[in-house]
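The values are calculated or read from the model by the stated rules, or taken from the named source; none is laboratory data. These figures come from a predicted structure and were not determined experimentally. Backbone-built Cβ (ideal geometry, glycine too); neighbour counts: all protein chains shown.
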């Protein structure tokens with residue numbers, strides 16, 4: 001559109017009043033309309049400047065973005081409404097940003113304006129947008145929505161990944177409650193699009209997967225920015241859906257068995273929850289290490305646990321003492337009564353490592369007990385990728401949901417009877 005009154009009309013001038021304290025100089029404004037029709041997302045850069053011999057640069061445009069957008073979108077006839085401006089201290093420079101669902105603004109104070117006046121220039125361009133599954137206040141499944149938001153840009157030491165699949169965890173909706181709205185999920189598989197830090201030899205276009213830190217936005221979106229140092233090559237032969245199911249559970253199992261548990265070949269290990277999301281990977285890793293694996297699983301899941309390498313499978317409600325010989329390591333992924341009873345089958349000097357809940361003070365007083373939260377770790381993820389590529393490690397996928405069905409995915413992850421991870425597939429079509 002380029003007729004009079006349209007957003008693409010030629011540049012026009014307007015006047016603003018209210019500059020400084022009370023009566024002040026009139027500010028001249030120049031609008032450079034965007035070359036597209038609203039309400040598409042735009043980024044508008046508004047630069048304001050003045051120079052006064054006695055006072056130096058003094059104005060900053062505050063709250064100006066809504067009025068300027070109105071001028072660009074409406075191009076109404078007659079005198080425009082005045083835009084409030086606020087006096088700032090001498091030689092003060094500032095960048096103010098206000099983000100709305102569709103518009104990002106940047107207001108910058110410069111020093112190149114004419115004496116006693118303020119020139120404001122509005123430039124607009126399309127913003128790249130994406131879909132993302134976000135948790136909104138007050139939290140909980142009902143507060144999940146799929147929103148259209150701006151594609152994030154990587155900063156120093158970060159990478160931009162085009163996400164193909166992401167996996168979710170049972171209790172993760174409780175993690176970001178102090179920073180809502182927040183994108184959910186912290187493990188992904190996708191393609192590296194941009195990187196500004198050390199990516200461990202990875203190149204643009206490589207297929208990657210990762211576990212991302214829990215104190216930042218998640219990755220259930222079409223694009224995600226992640227620390228470059230946590231990216232690893234996606235396992236060869238695994239789909240993006242299968243690869244997304246591996247990072248969190250795989251790293252939890254690796255760190256529990258080999259870092260905190262110090263599991264060695266020929267040792268005996270009891271895995272509580274051997275058929276679960278973490279447990280089925282721990283069973284495979286312990287078998288690969290050459291340990292004797294005993295697992296607990298329900299009757300329905302017993303064959304599942306045996307298929308991943310458990311040599312003996314116990315009902316979790318059965319007594320442990322008398323059913324098995326003492327073990328060198330207990331790896332708990334379920335908590336509760338099974339965790340409390342498992343300490344009784346540890347041999348002297350054995351270790352108990354828990355991830356579902358912290359062992360009680362009574363247990364900690366009797367055995368070497370450790371509770372930990374998994375951490376992103378590239379080198380360990382590379383090892384997991386190699387094992388998966390070689391067919392040694394098989395992540396189980398319970399179910400797959402499209403991004404639009406994020407609520408249904410979380411309904412499933414919180415239900416019982418799952419066999420593996422719940423994965424969200426991101427369709428870029």
| Can you name the number of the only condition in (1) without any contact (Cβ under 8 Å) to a residue 12 or more places away in the chain; (2) in a loop (DSSP other than H, G, I, E, B); (3) under 22 Å from residue 284 (Cβ atoms) that residue 303 fails? | (2)
| Scanning for something more than 25 Å from residue 254 (Cα to Cα), in a strand (DSSP E or B), in contact with a strand residue (DSSP E or B) (Cβ under 7 Å, 6 or more places away or on another chain) and in contact (Cβ under 8 Å) with a residue 60 or more places away in the chain, does segment 417-427 turn up at least one residue? | yes
| remark: Of 394, 366, the only residue that is in contact with a helix residue (DSSP H, G or I) (Cβ under 9 Å, 6 or more places away or on another chain) and touching a residue at least 24 places away in the same chain (Cβ under 8 Å) is 394
| note | Checked segment 384-397 for anything surrounded by 18 or more Cβ atoms within 10 Å (Cβ to Cβ) and in a helix (DSSP H, G or I); matches are 384, 385, 387, 388
| Can you find even one residue in segment 398-409 that is closer than 30 Å to residue 344 by Cβ, surrounded by 20 or more Cβ atoms within 10 Å (Cβ to Cβ) and in contact (Cβ under 8 Å) with a residue 12 or more places away in the chain? | no
| message | Given the condition under 11 Å from residue 274 (Cα atoms) and outside any loop (DSSP other than H, G, I, E, B), answer yes or no: does some residue in segment 314-322 qualify? | response | yes
| field | Selection status of residue 121, outside any loop (DSSP other than H, G, I, E, B), touching a strand residue (DSSP E or B) at 6+ places or on another chain (Cβ under 6 Å) and modelled with pLDDT under 90 | value | yes
| said: Restricting to segment 162-173, name every residue that is in a loop (DSSP other than H, G, I, E, B) and over 16 Å from residue 245 (Cβ atoms). | reply: 171
| request: Evaluate segment 316-325: report whether one residue or more is surrounded by fewer than 24 Cβ atoms within 10 Å (Cβ to Cβ), at pLDDT below 95 and on the phi > 0 side of the Ramachandran plot. | output: yes
| said: Can you pull out every residue in segment 139-161 that is more than 13 Å from the chain's Cα centre (by Cα) and either closer than 22 Å to residue 401 by Cβ or without any contact (Cβ under 8 Å) to a residue 12 or more places away in the chain (or both)? | reply: 139, 140, 141, 142, 143, 144, 145, 146, 147, 148, 149
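One line per residue, one yes/no per condition, for (1) in the same structural domain as residue 169 (by TED's automatic domain parsing); (2) closer than 19 Å to residue 268 by Cα; (3) assigned to a helix (DSSP H, G or I):
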position: 328; (1), (2), (3): no, yes, no
position: 340; (1), (2), (3): no, yes, yes
position: 343; (1), (2), (3): no, yes, yes
position: 363; (1), (2), (3): no, no, yes
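Can we say residue 352 is assigned to a strand (DSSP E or B) and touching a helix residue (DSSP H, G or I) at 6+ places or on another chain (Cβ under 7 Å)?
Considered against the rule, which asks whether it is assigned to a strand (DSSP E or B) and touching a helix residue (DSSP H, G or I) at 6+ places or on another chain (Cβ under 7 Å), residue 352 comes out as yes.
For residue 347, are the conditions met, namely being in contact with a helix residue (DSSP H, G or I) (Cβ under 8 Å, 6 or more places away or on another chain) and surrounded by fewer than 19 Cβ atoms within 10 Å (Cβ to Cβ)?
No, not satisfied.
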| request: Could you list, in sequence order, all residues of segment 247-268 that are in contact with a strand residue (DSSP E or B) (Cβ under 7 Å, 6 or more places away or on another chain) and in a helix (DSSP H, G or I)? | output: 247, 248, 249, 251, 256, 257, 260
